[in-house]
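Just so it is clear, none of the values below were taken in a lab; they were calculated from the coordinates. Keep in mind it's a predicted model, so treat the numbers as computed, not measured. No Cβ is skipped: glycine too gets one built from the backbone with ideal geometry, and neighbour counts run over all protein chains shown.
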Amino acid sequence: MTSDAEAYLKDFHQRRVGTTRRAFATYAARSAQAEYLSSYHALAERVPNDAMPRTIVDLACGDGPLLEILNDRGNSATKLIGIDISNGELAAARAVLSPNVRLINERAQALSLETGSADYVLSHMALMLMDDIEQVMGEIHRVLRKGGKFVAIVGRAFLLGEVGEVFLNVFRPIGKAHLAQIRFGDSRTRSEDGWRELLQHGFSDITFEDIDVDWLPTPEQLWQSMLETYDTDRMPEAGREQFKRELLTAVTPMQREDGKLKTGWALRLVHASAE
């Protein structure tokens, strides 16, 4: 049976196609090890850019920004496959991607791909939302060849810095009063120890890289981005109006001289090899 969380996510991404692209595709990302054009590029750079034949799966591909980056490399021997549960996101992806990119509408918990058929399984900001994560990881391991690579970007913290602290202080009481409880994903996907547990069977060479995405929105831009988050979307109108009023009141004094707020998103890159 489809859970309340999965049903909601399918509905949200049908109504708000391209949300994840809008949040992450245009902002530079950085870590202690490297700088990236975006968090999508951080994933793409884990795949060698050469003429070797490879099959790359983008799990929960959305409207296709990662697949675009990989396809634009022009490596004709690379086979790209995008998988997503949202028909709306896949339709948007089909409109911008090469016909050579294969797109599949199915759940990550039951992939139709052949065993050992993929060299890379990549995923951007999705695994921490999925039901039955152990089943998902089992499917990822099944479709990877021995020595194949699993690489994912997941959330580490929502908003960086003082803006993040203020956001939580405002949001928590409003969310408690107005939001029905829906459990998104497995808590193990939110920590390194949790990922080590999830990857302990069938994977080796597990590494992590903390990545920050810098963002300088105006207060109004910050609010517009909140409208494309699951929690704000689920709020009744009265709760949403209260959230907007209190959040803007709290962050407006934090503006820099140029009117912008200094914040961003904290992400984690997870990398492992299939045994």
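Things worth noting here:
- Here segment 4-274 is described by how far its Cα atoms reach on the three principal axes: 54, 39, 39 Å, from widest to narrowest.
- Helix 87-96 vs. the chain, principal-axis angle (Cα, 0 to 90°, nearest 10): 70
- Across segment 161-169, computed HN-Hα scalar couplings (Karplus, 6.51 cos²θ - 1.76 cosθ + 1.60, θ = phi - 60°) run x, 5, 4, x, 5, 5, 3, 5, 4 Hz from first to last residue, x flagging Gly and Pro.
- Our coupling estimate for segment 239-249, obtained by passing each phi through the Karplus curve with A = 6.51, B = -1.76, C = 1.60 and θ = phi - 60°, is x, 5, 5, 5, 4, 4, 4, 6, 5, 5, 4 Hz, Gly and Pro reported as x.
- Helical runs (DSSP H, four residues minimum) scored at -39500 (n - 2.57) apiece and divided by the length of the chain put the mean residue ellipticity at 222 nm at -11000 deg cm²/dmol.
- Taking the charge dipole of the chain about its Cα centre, with +1 at Lys and Arg Cβ atoms and -1 at Asp and Glu Cβ atoms, the residue from Pro173, Ala44, Leu199 reaching farthest to the positive side is Ala44.
- The magnitude of the dipole of the chain, with charges of +1 and -1 set on the Cβ of Lys/Arg and Asp/Glu and taken from the Cα centre, is near 240 debye.
- Between Asn49 and Ser112, the simple label model (points 7 Å from Cα in the Cβ direction) yields a spacing of 3.3 nm.
- Backbone phi angles across segment 61-75, fed through the Karplus curve with coefficients 6.51, -1.76 and 1.60 (θ = phi - 60°), yield HN-Hα couplings of 6, x, 8, x, x, 5, 4, 4, 4, 5, 5, 5, 5, x, 8 Hz in residue order; Gly and Pro are listed as x.
- Residue exposure sequence - Tyr40, Tyr120 - by fewest surrounding Cβ within 10 Å: Tyr120, Tyr40
- Amide hydrogen proximity for Leu103: with H placed 1.01 Å from N in the peptide plane, the residues at 5 or more positions away or on another chain lying under 5 Å are Gly82.
- Each residue, Glu275 and Lys146, gets one label point 7 Å from its Cα in the Cβ direction; the gap between the two is 1.3 nm.
- Whole-angstrom gap from segment 214-272 to segment 86-126, using each part's C-alpha centre: 30
- Listed by chain and number, the lysines whose alpha-carbon sits under 25 Å from that of Lys79, ignoring those within fewer than 8 places in the same chain, are Lys146, Lys149.
- Counting only DSSP beta bridges with both residues in segment 4-274, the antiparallel share comes to about 55 percent.
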